[in-house]
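The following block contains the structure, expressed as structure tokens.
The values are calculated or read from the model by the stated rules, or taken from the named source; none is laboratory data. This structure is a prediction, so every number in the text was calculated from the model and none was measured. Quick reminder, even Gly has a Cβ in these numbers, built from the backbone with ideal geometry, and neighbours come from all protein chains shown. These area figures cover heavy atoms from the full protein model, side chains too; ligands, DNA and RNA do not enter into them. Shrake-Rupley method; radii C 1.70, N 1.55, O 1.52, S 1.80 Å.
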Amino acid sequence: MVKRSFTYLSDINLDTLNGLGDKRYSLLKRNDLFSITDLLRFFPKKHIDRSSVKLIEEITNNDINSEVTVIAYIKKVSVFTTRSRLRITTLIITDDTGVINAKWFGPQYIESRFKEGERVAISGKPEIKKSGTVEYKNPTIEKFDDLEDLNETGSLIPVYNKLEGITSSSIRKALKQVFNIISTKKEDLEPGIEDVLPDIILKNFNLLNRLDSLKGIHFPQDKNEYYASRRRLAIDEFIYLRVIFESLKKNYKKQSKGFSYKVKIDEVENYIGNLPFSLTNSQKKAAFEIFDDLKNDYPMKRLLQGEVGSGKTVVASIAIYSTVQSGYQVALMAPTEVLCEQHFKSLKSFLGKSGIKQYLLTSSTKEREIIDRKIKEGEPGLYIGTHSLIQEKIKFKNLGLAIIDEQQRFGVDQRKKLITNENTIPDQLVMTATPIPRTTALSIYGDLDITTINELPPGRKKIESHLFNGLESDNLKVFEKCKEHLDKKSQIFVVCPFIEESENSDIQAAEVVFQEYTEKFTKYNVKLLHGRMSNEDKEEIMKKMIRGEIDILISTVVIEVGIDIPNASLMVIESAERFGLNQLHQLRGRVGRGNKQSECIFHITKKKSLTTISDDGRKRLEAIVLLDDGFKLSEIDLEIRGEGKVTGTSQSGKSDLKVANLRFDYDLLSESKYIFDSINDEKIKSKILKEAEMFFPNYFKVESST
Ligand code: ADP
Ligand code: MG
């Protein structure tokens, strides 16, 4: 004897149910509801609480704001039409403890559907008249033979997303039929639904079994049952995601990258020993994790994440060293030219001694054609560039490793383009300083292994954060702070309001700020940098800033990523409430690179203060001044933005989580990890995978098109 499984039930079409009819069936199909499994997983949007069932004499003034269900019989039916032709149907209903006057306004033909003497359940918000009579206006009413059959009243009533031509009531009826069928024995089928999780796990983690959770999410007896059901189903979804990614990774690891590393561990240790500083433990660990991965026969796919300034570049340099020494090309793609140049410079200081050739491809590169040729001919070395690296005409002949810095700025497609290689599959290293909470990491980078640097290089001082409002006295404080830093011969970054409409308005706003600072600090060199300037001009200004020739650099958000200027010790973010939390964190990380005590000022837009900015803006600012942990901030950001969707490539409903919510269910996510890890039986895992394939088909499409 076996129980019906989701797979089994997905082969049973909904037209086998009684009372659905061809018309309703085709409407359901139009909404992707084909089978019993589809219907079971068509979860309610909400429940209306009609679970409070009372005798009429028990109804008091305390009940007038919530729905009360009464089980009674009809004493009298009457219809009355007002002079303005409004039809009012009144049923007098009693349960022998009191009387209810129930009234319907308008043509609802209640009088033709209900007769004197019939037993009914009626739900509504009661009104208590001065005379003491209870009155219901437009209540929900249904007849019944057996209390068990109540469909609209008497409990938590599920309400479903509107489907054209199908009422929630008919969904409820169909579901009740389904639960009836499932609970009956038939030939060699046992009552119940096959659960993929074994009893021992259900018991250890206090989980409802599958049938109970499905019943409980649709027709809960009370809220606790609903929450317990939801918990089980959300955990299932997280487990599906895990099993999907595990399987994608496994398949990926079956591929061969078709080349091998010749570098020995002592060479790498020697390289590390020759670096200008010693690595932190966290960097060492990360470096060897990557090195081990490079040596595998299958291509590496790894995310290297770590706080701003945690020193990811030098870790990447170890992978670069190993790859180029083995005779292959490395491509490093960064989002801006300034950043490419900085990488070029710092990597030169790391890799220079080992004789590794480095090429920089920016718009100002002179020997462009020569470098392009080297790329095509397979000349080993490190090639650094912006997305110009992935132009159609550039084809690496001998690419061993593709590194993508600040991944959040690039689309998935760009990542894929870079790794397309004619001969072999290169290793992939993706770096990001926007730390990603585990949940999002799971959804966005589920196919990558993750290495985290969770330690900053020694000697870094904590950056002091200040929140200043836009009112007169605080505006002055901002200038006073600037003065303090200038007196210490430090440099200052001022980042300007981010204005959503257009880049032009960003620039205008920056010009206003530039004006202010120039007038205030006449003795200092104040410069403006914005996105519309030519690359040469931008570059010139950045170079001057790096050389310490600029005291105050006013800029639009172009300096957001990567640049490293140890002598800059003050960051002022104007109209800080307009920036995203990750962006604020990134910007703050631009200072605090040297040994000076650094500060960051979050300055609210002129004339505004915490109480007059948007709620979200206030929450972000409160979080940023309090916390300097990028991971936490990232989670809070997610919460504020309310991101709740996990998708494959399309937003199509079928690939989304139906129950679990990334915004609220962190706890369930980590619980799901424990549960998943405690499953050792491969048979169980493959069953879960089979269900996951059925419920999240898009993930599988994504990978096969890579
Ligand atoms: P990010 O992780 O933000 O990309 P970088 O790689 O740019 O950080 O490193 C930030 C700065 O810290 C660089 O100037 C780098 O040379 C320096 N650095 C990195 N690792 C160490 C270390 N172990 N000791 C001292 N300085 C380090
Ligand atoms: Mg970096």
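Would you compute, for the Cα atoms of segment 52-154, the largest minus smallest coordinate along each principal axis and list the three values in descending order, in whole Å?
Principal-axis extents of segment 52-154 (Cα, largest first): 36, 33, 21 Å.
If you don't mind, another one. If you restrict to DSSP beta bridges whose two residues both lie in segment 52-154, what percentage is antiparallel, to the nearest 5?
Working: 27 of 32 bridges.
Around 85 percent antiparallel, to the nearest 5.
In the chain, what percentage of the DSSP-assigned beta bridges are antiparallel, given to the nearest 5? Mind dumping the intermediate values first?
Values: 34 of 93 bridges.
Around 35 percent of the beta bridges assigned by DSSP in the chain are antiparallel ones.
Show me, for segment 262-268, the HN-Hα J-couplings you get by feeding each phi into the Karplus relation (A = 6.51, B = -1.76, C = 1.60, θ = phi - 60°), rounded to Hz, glycine and proline as x.
Whole-Hz 3J(HN,Hα) from phi for segment 262-268: 9, 7, 8, 4, 6, 5, 5.
Going through the cross-link list Lys143/Lys658; Lys45/Lys687; Lys262/Lys395; Lys538/Lys619, which pairs have a Cα-Cα distance over 30 Å in this structure?
Values: Lys143/Lys658 33 Å; Lys45/Lys687 28 Å; Lys262/Lys395 24 Å; Lys538/Lys619 34 Å.
The answer is Lys143/Lys658; Lys538/Lys619.
Moving to a separate point now. How large is the dipole of segment 1-108 about the Cα centre if only Lys and Arg carry +1 and Asp and Glu carry -1, each at its Cβ, rounded to the nearest 20 debye? Kindly include the intermediate steps, with their values, before the conclusion.
On the way: 17 positive and 12 negative charges, 111 e Å.
That gives segment 1-108 a dipole magnitude of about 540 debye.
Given R₀ = 56 Å, FRET efficiency for Asn274-Lys45 by Cβ-Cβ distance, to 0.05? List each step's numbers first, then the result.
Values: r = 62 Å, r/R0 = 1.11.
It comes to 0.35.
Starting from the Kirkwood radius over alpha-carbon pairs of the chain, derive D by Stokes-Einstein at 37 °C in a medium of 0.692 mPa s and give it in µm² s⁻¹. Can you show the working numbers first?
Numbers: Rh = 30.3 Å.
Value of D from the Cα-based Kirkwood radius: 108 µm²/s.
Once amide H atoms are built 1.01 Å from N in the peptide plane, which residues 5 or more positions from Leu529, or in another chain, come under 5 Å H to H?
The answer is Ile554, Ser555, Thr556.
Something else: Mind checking which of Ser670, Thr37, Ser354 is farthest towards the positive end of the chain's charge dipole, using Cβ charges of +1 (Lys, Arg) and -1 (Asp, Glu) about the Cα centre?
Projecting each Cα onto the dipole axis, the largest value belongs to Ser354.
Please turn the phi angles of segment 507-521 into ³J(HN,Hα) values with the Karplus equation 6.51 cos²θ - 1.76 cosθ + 1.60 (θ = phi - 60°), one per residue in order, whole Hz, x for glycine and proline.
So the Karplus estimates, Gly and Pro as x, are 5, 4, 4, 5, 5, 4, 5, 4, 4, 4, 5, 5, 5, 6, 10 Hz.
Which entries in Lys215/Lys683; Lys186/Lys683; Lys254/Lys683; Lys477/Lys520; Lys203/Lys673 show an alpha-carbon gap greater than 23 Å? Provide the component values of the computation, followed by the final result.
Working: Lys215/Lys683 26 Å; Lys186/Lys683 26 Å; Lys254/Lys683 20 Å; Lys477/Lys520 13 Å; Lys203/Lys673 16 Å.
Where the Cα-Cα span goes over 23 Å, the pairs concerned are Lys215/Lys683; Lys186/Lys683.
Skipping prolines and chain starts, which residues have an amide H placed within reach, meaning under 5 Å, of the one on Val120, given they are 5 or more residues away or on another chain?
Ala72, Tyr73, Ile74
Determine the calculated [θ] at 222 nm for the chain from helices alone, applying -39500 (n - 2.57) to every DSSP H run no shorter than 4 residues and normalising by the residue count; nearest 500 deg cm²/dmol. Could the numbers behind the result be given before it?
Working: 24 runs with 278 residues, N = 706.
One gets -12000 deg cm²/dmol as the mean residue ellipticity at 222 nm.
Still on this structure: Place a label point 7 angstrom from the Cα of Lys137 along the Cα-to-Cβ direction, then list the residues of segment 34-73 whose backbone nitrogen is under 15 Å away.
The answer is 64-66.
Find, among the trypsin sites (Lys or Arg not before Pro) in segment 128-218, those assigned to loop by DSSP (not H, G, I, E, B) with at most 16 other beta-carbon atoms within 10 angstrom.
Answer in residue order: Lys129, Lys130, Lys162, Lys185.
Can you tell me the relative contact order of segment 41-95? Whole percent, Cα pairs under 8 Å, sequence separation 6 or more. If you can, show how the numbers build up before the last one.
Details: 58 pairs, mean separation 16.6, N = 55.
Over segment 41-95, the number comes to 30 percent.
May I pose another question? Take the eigenvalues of the Cα gyration tensor for segment 464-627, scale each by 5, and report the square roots as semi-axes in whole Å, largest first.
Values: eigenvalues 100, 64, 49 Å².
In descending order the semi-axes read 22, 18, 16 Å.
Any idea of the accessible area per residue across the chain, 1.4 Å probe, to the nearest Å²? Before the final figure, lay out each step's value.
Working: 33280 Å² over 706 residues.
Solvent-accessible surface per residue comes out at 47 Å².
For an R0 of 30 angstrom, estimate the FRET efficiency from the Cβ-Cβ distance between Glu369 and Arg532 and round to the nearest 0.05.
Details: r = 29 Å, r/R0 = 0.96.
That gives a FRET efficiency of 0.55.
Rounding to the nearest 20 debye, state how big the charge dipole of the chain is about its Cα centre with +1 on each Lys and Arg Cβ and -1 on each Asp and Glu Cβ. All intermediate terms of the calculation are to be shown ahead of the outcome.
Details: 108 positive and 103 negative charges, 138 e Å.
I would put it at about 660 debye.
On to the next question. Using a 1.4 angstrom probe with every protein chain in place, what is the largest-first accessible-area order of Ser282, Ser349, Ser364?
In descending accessible area the options line up as Ser349, Ser364, Ser282.
Sticking with this one: Based on the alpha-carbon gyration tensor of segment 232-303 and its eigenvalue square roots a ≥ b ≥ c, which shape applies: rounded if a/c is under 1.5, prolate if not and a/b is larger than b/c, or oblate?
In terms of gyration-tensor shape, oblate.
About the Cα centre of segment 464-627, how large is the charge dipole given +1 on each Lys and Arg Cβ and -1 on each Asp and Glu Cβ? Please answer in debye to the nearest 20. Write down the numbers at each step before the final one.
Working: 24 positive and 27 negative charges, 102 e Å.
In debye, rounded to 20, segment 464-627 gives about 500.
Taking the dipole about the Cα centre of segment 52-154, with the C-beta of Lys and Arg at +1 and of Asp and Glu at -1, give me whichever of Ile110, Gly124, Val70 is farthest to the positive side.
Final value for the positive-end residue is Ile110.
Could you tell me which residue out of Leu207, Leu241, Leu175 lies farthest along the dipole of segment 137-281 toward its positive end? Charges go on the beta carbon: Lys and Arg +1, Asp and Glu -1, centred on the Cα centre.
Result: Leu241.
Which whole-Hz ³J(HN,Hα) couplings does segment 59-69 yield from phi under the Karplus relation 6.51 cos²θ - 1.76 cosθ + 1.60, θ = phi - 60°, glycine and proline marked x?
Once rounded to whole Hz, the list reads 6, 10, 4, 5, 8, 6, 9, 10, 6, 10, 9.
Hey, another quick one. Applying a 10 Å radius around every beta-carbon, put 671-683, 224-236 in order of their mean neighbour count, most first.
Values: 671-683: 13.9, 224-236: 20.2.
Result, highest mean Cβ count within 10 Å first: 224-236, 671-683.
Could you work out what % of the accessible surface of the chain is carbon and sulfur, using a 1.4 angstrom probe and leaving DNA, RNA and ligands out of the count? Write out the running numbers ahead of the final one.
Details: 16330 of 33280 Å².
The C+S portion of the solvent-accessible surface of the chain is 49 percent.
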